[in-house]
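Contents: one structure, followed by commentary.
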Amino acid sequence: MRRLAARLCFFALCAAACDSRACDAPPIGARTVSPLAQGMEPALAPPTALPPEPAAPPAAPRPRADASDVLVVTIDTARADHFGAYGSTTAHTPAFDALAAAGVRYERATTPTPLTGPAHTTLFTGRHPAVHGTEINSGPAPLLAGRERPTLLAQSFVAAGYRTAAFVASVILAPRVGLSAGFETYDAPTPAVREVAAQDRVEKALAWVDTAHDAPFFLWVHFMEPHAPHVAPPGSAADVEPYDAELTAADAALGALLAGLEARGRGRPLIVVVAGDHGEGLGDHVETEHGVFVYDDTLHVPLVLRASGRFDGGRVVATPVTLADLAPTLRALCGLPSIESDGVSLLALPAARDLFAQSLYPKVAFGWAPLFALQRGSFVYIDAPRPELYDLASDPRERRNVLAAQPTTARTLAAALSARRDELASGRLTGLQPAAHDVERAQLAALGYASATGSVPTVGPDPKVMIRDYEARRAAHRVDGLPPSVLPQQ
């Protein structure tokens, strides 16, 4: 009877708390805590509002009505002085040369590092490898993985309502490198395939363009042909070097891509960027490929920008520029918000500035000294165990080290290079947790960036001394047909 009386009392209290329209009971499925479990008498729950109507999904961003399509083509291992537009007669590059005649060609474009993954990451972020953290082809430094990564161009374009896609030709640019963010489609070879032909990339890119319909697109297509091993494609002229024959094949693919886009008549202006990610040594400083040295052979890259109605055709810019300039340039051309960058917009190019380059490949791969370079005007200073100074105006192939003859210039550029290394190290450390900050600073010091008291000298054997043995081993592997297991991937 007492249990029944208690129940009747409880129901009476509930009835008193309800008006004639509805009872404010907790919604079904609400998580409540028993008052008895809290050590207090039962009490009525406070009135609960009805759940709001589900919010409508956010509207997809709408691009500007006059938005241009954007095409970025990168040609791997493209050495500038082997293109016709740069004065070469050894390779046949009519598509690139015609694009240069219709757009702006940058006479002195350089990469910040002679490696595929880091150079492309700089191109698409505007940040130097020391800051974005991808300094070798394996991807970003592990300690930087938890830090917010620099915004990629594709992320900015997709946020502005563009369709985005990338068709890359090498496993070196697989998603692990960190470039796929923002791309709705990111087509890359698998480790089992490693590399695909430029023509395949063109066909897939054009098929994707047909799916973009009326929306503007941001499209990246990457060609791998000039990269080692250099093997002339079938049908190449017998008197053409394999490297130049592969460059000609890449140029033919570029021509097919541009012709395919024109044939589609999309009715939008088209912005086209064609750039090399780095060059190729070809034995000019003993190095046959790339990755070790920071000479002009591997840093000087071709760069052409064509924007319909925005630039006079056939213009040549002699002022030195860097791949880090492309991200801010494309954002400015397309009206996207600007973000922090180590480059500048080519629409407002300063008359003079220092350009910095590096290669950690000698250190990471072989334990040799890393190499750092600073270009100011026509002079290039290279920080190595045996430092070097070259005047590109009188010695474009960097044959005569004038450090002893130009001691004042050497000291000035050495100081500027040291300061730049410290500045980049500070930028890299920004945003890291204290423990990771300390570990990363120690690793930077070991790589020759900075210590607690400033820059440290490059340490390890001078690559200039070691390169001949390295190339001899490479040659032995090629002759013997052995897998180059002792030779890290470039």
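Brief remarks on what is shown
- Of the residues making up the range 77-98, not a single one is part of a strand (DSSP E or B), touching a helix residue (DSSP H, G or I) at 6+ places or on another chain (Cβ under 8 Å) and buried (at least 19 other Cβ atoms within 10 Å of the Cβ).
- Subset of the range 86-124 (residues that are of a type in the set (Val, Ile, Thr) and under 19 Å from residue 170 (Cβ atoms)): 111, 113, 116, 121, 122
- Look at the range 334-358: where a residue is within 19 Å of residue 315 (Cα to Cα) and a partner is of a type in the set (S, T, N, Q), sitting 6+ places away or on another chain with Cβ atoms under 6 Å, you get 345/329; 346/329; 349/319.
- Within the range 347-362, if we keep just the residues that are out of contact with any Lys or Arg (no Cβ under 8 Å at 6 or more places or on another chain) and not aliphatic (A, V, I, L, M), the residue that is farthest from residue 322 (Cα to Cα) turns out to be 362.
- Checked across the range 246-254, the condition of being at pLDDT 95 or above, under 30 Å from residue 129 (Cβ atoms) and of a type in the set (Asp, Glu) holds for at least one residue.
- Boolean, residue 127 is among the basic types (Lys, Arg), surrounded by 19 or more Cβ atoms within 10 Å (Cβ to Cβ) and in a loop (DSSP other than H, G, I, E, B): yes
- Test: residue 346 is of a type outside the set (Lys, Arg), closer than 18 Å to residue 277 by Cα and surrounded by 16 or more Cβ atoms within 10 Å (Cβ to Cβ): yes
- All positions within the range 243-286 that are surrounded by fewer than 24 Cβ atoms within 10 Å (Cβ to Cβ), in a loop (DSSP other than H, G, I, E, B) and touching a residue at least 40 places away in the same chain (Cβ under 8 Å): 266, 268, 269, 282, 284, 285, 286
The values are calculated or read from the model by the stated rules, or taken from the named source; none is laboratory data. The structure presented is a predicted model; accordingly, all values stated were derived computationally and were not measured. Using ideal geometry, Cβ is built from the backbone for each residue, glycine included, and neighbour counts are taken over all protein chains shown.
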